[in-house]
Number of protein chains: 2
Amino acid sequence: MSDDALRYFFNPSSVAILGASRQIRKFGHTIFKNFVRSGYQGKVYPINPKAKDILGQKAYPSLADVPGPVDLAVIALPAAIVVKAFSDCIDKGVKAVVVISGGFKEAGPEGAQREAELTRLAQESGVRLIGPNCIGVFDPRSQVDTLFLPSYRLKRPTPGDIAFITQSGAFGSAVLDWAAAKNVGISKFISFGNMADVSESELLEFLVKDPQTKCIVAYLEGVRDGLYFLDVARRVTAQKPLVILKGGTTSAGQMATLSHTGSLAGDPALISGIFSQLGIIQAHNVEGLFDAARALAYQPLPKGPRLAIVTNAGGFGVLASDHAEKSGIPLVKLSSETKAALKLVVPPNSSLSNPVDLTGSANEEDYGKVLNIIAQDPCVDMLLVMVLVQTSSIESDVVDVLTEVNEIYSDIPLLACTVGGEYTEATLCMLEDNQIPSFPSPARAITAVRAIWDYAYYRQSLAPKPRRRRKRKCD
Amino acid sequence: MSDDALRYFFNPSSVAILGASRQIRKFGHTIFKNFVRSGYQGKVYPINPKAKDILGQKAYPSLADVPGPVDLAVIALPAAIVVKAFSDCIDKGVKAVVVISGGFKEAGPEGAQREAELTRLAQESGVRLIGPNCIGVFDPRSQVDTLFLPSYRLKRPTPGDIAFITQSGAFGSAVLDWAAAKNVGISKFISFGNMADVSESELLEFLVKDPQTKCIVAYLEGVRDGLYFLDVARRVTAQKPLVILKGGTTSAGQMATLSHTGSLAGDPALISGIFSQLGIIQAHNVEGLFDAARALAYQPLPKGPRLAIVTNAGGFGVLASDHAEKSGIPLVKLSSETKAALKLVVPPNSSLSNPVDLTGSANEEDYGKVLNIIAQDPCVDMLLVMVLVQTSSIESDVVDVLTEVNEIYSDIPLLACTVGGEYTEATLCMLEDNQIPSFPSPARAITAVRAIWDYAYYRQSLAPKPRRRRKRKCD
């Protein structure tokens with residue numbers, strides 16, 4: 001059921017904005033401005049029967065008046081005239097349509113009837129429709145941007161490897177804005193709203209084939225067709241990690257979804273069980289969604305669950321150990337050879353057991369030497385590097401050191417954690433730039449560690465291989 | 001056992017820095033500079049046998065050469081000469097001493113012997129000692145600041161109501177830096193290190209009497225005297241909330257504490273049980289420590305657990321409902337009177353059930369009207385206001401609206417939640433400035449809700465009063 005027509009949502013040669021307006025508070029104005037100002041390379045046609053020009057560009061009274069073909073149409077019009085506008089799109093031969101407007105299924109019986117009409121027209125014509133009642137599509141590479149929220153409030157993320165689909169537009173806008181602030185790149189963003197036509201499962205099918213997408217994250221309250229979703233999810237997770245935050249996993253949350261997206265949500269334990277069987281990584285909160293995704297998108301899958309922790313702050317090593325044990329992640333016992341090698345390079349008073357505590361006097365070179373030794377211990381499956389940057393012995397070169405370790409030992413996942421204020425935030429962003437997933441607290445780092453191990457374990461179960469021969473038995 | 005001499009750590013009339021140095025990389029240099037540059041109002045004496053002046057101020061070759069009395073001495077010298085320096089402090093009549101230097105109990109038998117000597121001298125003389133192996137004291141009102149970390153890496157928080165004590169200096173520095181960035185004020189900070197003399201329990205006894213402190217937070221790996229701690233904690237929580245993050249609650253974490261602070265940690269379930277019986281709020285991660293503390297310091301205690309949620313983003317209402325149910329926090333069923341009153345003021349398509357979803361078109365005035373109605377529902381014990389600020393209908397005046405609601409309904413705890421990037425962060429900081437505890441995710445907001453209810457419930461159990469008469473039965 002996947003449809004190559006979906007590519008027109010992300011790479012249209014031409015775009016028409018139905019409802020483009022001269023009034024800066026109108027959604028259609030912001031959307032038109034996005035296309036004109038953002039670097040989108042195709043043709044852009046503002047459609048408005050009352051304006052001659054908008055932002056200095058010639059406006060067209062109707063879609064039929066547009067001289068050339070139109071790949072993508074964005075409809076930001078009052079609900080009552082959306083069905084007519086969609087008909088116009090079909091007549092014009094438009095390939096894909098985003099309907100931003102609300103006032104459909106979510107707004108009572110009259111709206112539901114309008115929505116049924118949209119569905120019927122889409123199915124009969126084959127013209128694909130995302131929405132209604134959504135914020136639509138953002139692709140940072142092609143600069144397709146139907147988000148009607150001003151960029152000073154909703155910063156747009158840079159190009160990256162993570163695709164993000166969401167049933168809730170507000171959820172999507174808040175998390176996109178967060179991603180932009182944290183230097184987290186995305187490949188494609190889709191707020192799909194009421195799913196009058198294109199469903200969450202079709203988007204998953206499209207994204208699993210998208211070469212720019214390494215990992216898919218989704219916020220879902222319900223799915224349109226349960227069996228189809230199960231089938232698609234199984235095919236997706238065999239190829240790419242899929243991280244889902246499911247809203248409405250409790251009875252209180254389910255009551256709330258009824259009035260929000262009208263989704264019927266399932267039993268929480270059942271959902272967790274299904275996710276686990278399908279190899280879907282379940283996020284348990286907003287933070288966990290992208291924490292897991294970043295680890296999965298940037299880092300290789302671990303061969304096993306054994307974690308080594310290196311820190312310059314004992315307290316954070318203790319907390320990470322606590323969280324690891326609670327998450328079922330074993331701390332690797334370093335070999336006596338590893339410890340002997342470490343002893344020659346660590347600062348005085350360091351602890352050589354895992355977590356390896358280099359103390360506050362460690363500098364970035366100490367980290368480099370120590371990580372080079374630990375990464376060669378055959379029992380180490382994953383590395384968590386905690387670096388407090390408040391101490392003056394650590395220079396920001398530590399980012400280069402970690403990047404180099406990450407490149408050399410490219411088969412061992414490396415995650416970083418640092419806690420603090422502005423200088424720390426800057427360090428987190430630099431690490432992120434170098435594809436080292438980095439976390440502002442031990443708990444969040446360990447959640448990500450657990451996620452990559454869960455997905456690795458699932459993939460191993462699909463294609464059982466002889467276990468990697470370890471040179472020694474590992475504890 | 002509490003000692004009024006402890007006040008000299010925070011409000012000394014004169015301070016001597018033993019180990020003050022002209023070399024900017026030395027701890028003693030940074031500490032001396034803190035006192036000279038920060039606005040500390042007392043006398044400051046740099047002690048250095050080799051320098052005539054430091055930062056333009058006359059230096060003294062020894063403590064004995066200081067002309068006037070010295071209330072507080074800060075020792076930042078090599079371990080081998082710290083005992084001698086402490087003796088000099090006793091001879092000079094110093095009231096309180098912070099020993100920054102490491103190289104004691106944490107560094108092997110020789111260090112342990114040195115530390116035993118410090119303990120003996122402190123006990124015999126009555127001169128109180130914080131440390132060794134710590135970063136010492138920060139008081140944002142008196143500007144006592146023994147932190148040897150430069151302020152561009154470790155920003156100092158503003159004056160506030162939360163006292164923060166920590167066994168791990170690095171933990172303290174990272175969290176202080178975080179607090180400064182998030183506009184979280186503190187009353188006093190103490191990194192107490194090895195506890196050669198002043199213990200965590202003595203600090204708690206001092207802080208419970210401190211009028212500037214409304215809430216106490218602590219990072220502990222172990223306690224020096226278990227029975228004394230239990231006794232003190234019970235007296236503290238009868239008067240002020242105490243939030244503790246206990247490092248080493250698992251066997252992996254306990255192994256790590258052994259090499260970090262040498263603390264022996266107890267069984268995790270036992271610790272949780274003891275904390276609960278003593279009315280201590282247990283934080284389960286770094287975030288939870290100050291999330292609980294801010295709610296407890298800024299807001300009144302709720303009469304009951306019933307929560308009302310108001311949102312402009314359905315998805316976040318769903319997630320908050322999920323987290324509330326998982327945390328055992330019931331969502332209040334709004335009365336038909338309340339719903340009828342809401343119906344007259346809410347934007348179209350709003351949901352009037354709890355969570356009340358005002359939709360993305362809500363503006364700050366809508367929030368004001370709605371909160372005024374909900375706060376008057378006699379069944380509402382707590383309010384969680386979620387405001388996504390990506391939408392252009394919300395102006396930053398929403399901060400004033402929430403502040404006013406918070407002032408009018410001063411007996412109902414009000415917490416806020418908003419998710420996003422830079423503009424969101426600015427909103428969070430403004431809310432924080434107005435004593436509205438504000439959280440960057442629904443999960444963290446609900447953790448704080450649960451913490452204030454837990455503490456309120458404990459306080460109610462100490463002094464059982466007839467339950468507040470409700471005008472109607474509440475679900």
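The table that follows gives values for the structure above.
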quantity	calculated
In segment B:136-169, the residues that are among the aliphatic types (A, V, I, L, M) and either part of a strand (DSSP E or B) or at pLDDT 95 or above (or both)	B:VAL137, B:VAL144, B:LEU147, B:ILE162, B:ALA163, B:ILE165
Residue that is within 14 Å of another protein chain (Cβ to nearest Cβ) and at positive phi, where the choices are A:ASN349, A:ASN354, A:ASN285	A:ASN349
Residue list for segment A:123-144, filter: in contact with a helix residue (DSSP H, G or I) (Cβ under 7 Å, 6 or more places away or on another chain) and more than 14 Å from every other protein chain (Cβ to nearest Cβ)	A:SER125, A:VAL127, A:ARG128, A:LEU129, A:ILE130, A:VAL137, A:ASP139, A:SER142, A:VAL144
Subset of segment B:161-170 that is under 12 Å from the mean Cα position of the chain (by Cα) and buried (at least 24 other Cβ atoms within 10 Å of the Cβ) - its residue that is farthest from A:GLY315 (Cα to Cα)	B:ILE162
Candidate set: segment A:337-382, residues that are small (Gly, Ala, Ser) and either modelled with pLDDT under 95 or assigned to a loop (DSSP other than H, G, I, E, B) (or both); chosen: the one nearest to B:LYS26 (Cα to Cα)	A:SER361
Residue in segment A:344-355 that is more than 27 Å from B:SER251 (Cβ to Cβ) and either under 27 Å from the mean Cα position of the chain (by Cα) or of a type in the set (S, T, N, Q) (or both) present	no
Filter pass, B:ARG153 being within 14 Å of chain A (Cβ to nearest Cβ) and without any contact (Cβ under 8 Å) to a residue 40 or more places away in the chain	yes
Segment A:158-185, subset without any contact (Cβ under 8 Å) to a residue 60 or more places away in the chain and of a type in the set (S, T, N, Q), residue nearest to A:GLN435 (Cα to Cα)	A:THR158
Near pairs, Cβ below 6 angstrom, 6+ apart or cross-chain, from segment A:240-253 (over 17 Å from A:ALA292 (Cα atoms)) to any residue that is part of a strand (DSSP E or B)	A:ALA252/B:LEU331
Among (1) more than 29 Å from the chain's Cα centre (by Cα); (2) part of a strand (DSSP E or B) - the single one A:VAL98 does not satisfy	(1)
Pair list, Cβ under 7 Å, 6 or more apart: segment B:385-399 residue more than 7 Å from every other protein chain (Cβ to nearest Cβ) and in contact (Cβ under 8 Å) with a residue 24 or more places away in the chain, other residue crowded, with 16+ Cβ neighbours inside 10 Å and acidic (Asp, Glu)	B:ILE394/B:GLU364; B:GLU395/B:GLU364; B:ASP397/B:GLU364; B:VAL398/B:GLU364
Residue in segment A:51-69 that is assigned by TED's automatic domain parsing to the domain that holds A:GLY136, among the β-branched types (Val, Ile, Thr) and in contact with a Leu (Cβ under 7 Å, 6 or more places away or on another chain) present	no
Among the residues listed as A:PHE164, A:PHE148, the single one being at negative phi, among the aromatic types (Phe, Trp, Tyr) and within 11 Å of another protein chain (Cβ to nearest Cβ)	A:PHE148
Counted residues, segment A:400-429 - those being under 18 Å from A:ALA181 (Cβ atoms), in contact (Cβ under 8 Å) with a residue 60 or more places away in the chain and surrounded by 18 or more Cβ atoms within 10 Å (Cβ to Cβ)	2
Failed item, numbered, when B:ILE329 is tested on (1) more than 26 Å from the chain's Cα centre (by Cα); (2) within 12 Å of chain A (Cβ to nearest Cβ); (3) in a loop (DSSP other than H, G, I, E, B)	(1)
Considering residues of segment A:384-405 that are of a type in the set (Val, Ile, Thr) and touching a Cys at 6+ places or on another chain (Cβ under 9 Å) only, the residue farthest from A:ARG450 (Cα to Cα)	A:VAL387
Condition met for A:ILE186 (more than 14 Å from chain B (Cβ to nearest Cβ), at pLDDT 95 or above and buried (at least 24 other Cβ atoms within 10 Å of the Cβ))	no
Identity of the residue in segment A:86-109, small (Gly, Ala, Ser) and buried (at least 23 other Cβ atoms within 10 Å of the Cβ), that ends up modelled with the highest pLDDT	A:ALA96
B:LEU176 in contact with a strand residue (DSSP E or B) (Cβ under 8 Å, 6 or more places away or on another chain), assigned to a helix (DSSP H, G or I), closer than 16 Å to B:PHE10 by Cβ and away from every other protein chain (no Cβ under 14 Å)	no
Complete set of residues in segment A:339-381 that are touching a residue at least 40 places away in the same chain (Cβ under 8 Å), closer than 18 Å to A:THR418 by Cβ and among the acidic types (Asp, Glu)	A:ASP357
Failed item in (1) within 21 Å of B:GLY68 (Cβ to Cβ); (2) in contact with an Asp or Glu (Cβ under 7 Å, 6 or more places away or on another chain), with B:ASP88 passing the rest	(2)
Positions within segment B:408-431 being within 12 Å of chain A (Cβ to nearest Cβ) and either touching an Asp or Glu at 6+ places or on another chain (Cβ under 9 Å) or of a type in the set (S, T, N, Q) (or both), in sequence order	B:THR418, B:VAL419, B:GLY420, B:GLY421, B:GLU422, B:TYR423, B:THR424, B:THR427
Entirely in segment B:383-475, the helices (runs of 4 or more DSSP H) that have 3 or more residues that are within 20 Å of A:GLY169 (Cα to Cα) and either under 25 Å from the mean Cα position of the chain (by Cα) or assigned by TED's automatic domain parsing to the domain that holds B:ARG306 (or both)	B:422-433
Close pairs (8 angstrom Cβ cut-off, 6 or more residues apart or separate chains): within 18 Å of B:LYS92 (Cβ to Cβ) in segment B:13-37, part of a loop (DSSP other than H, G, I, E, B) and among the acidic types (Asp, Glu) anywhere	B:SER13/B:ASP71; B:SER14/B:ASP71; B:VAL15/B:ASP71
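Conditions tested, residue by residue: (1) under 27 Å from A:ALA233 (Cα atoms); (2) modelled with pLDDT of 95 or more.
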site	(1), (2)
A:VAL401	no, yes
A:GLU404	no, yes
A:SER410	no, yes
A:LEU415	yes, yes
A:GLU422	no, no
A:ALA426	no, no
A:ARG450	yes, yes
A:ARG459	yes, yes
A:LYS465	yes, no
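The values are calculated or read from the model by the stated rules, or taken from the named source; none is laboratory data. Quantities reported herein were computed from a predicted structural model and do not represent experimental measurements. As a convention, Cβ positions derive from the backbone with ideal geometry for all residues, glycine included, and neighbour counts pool all protein chains shown.
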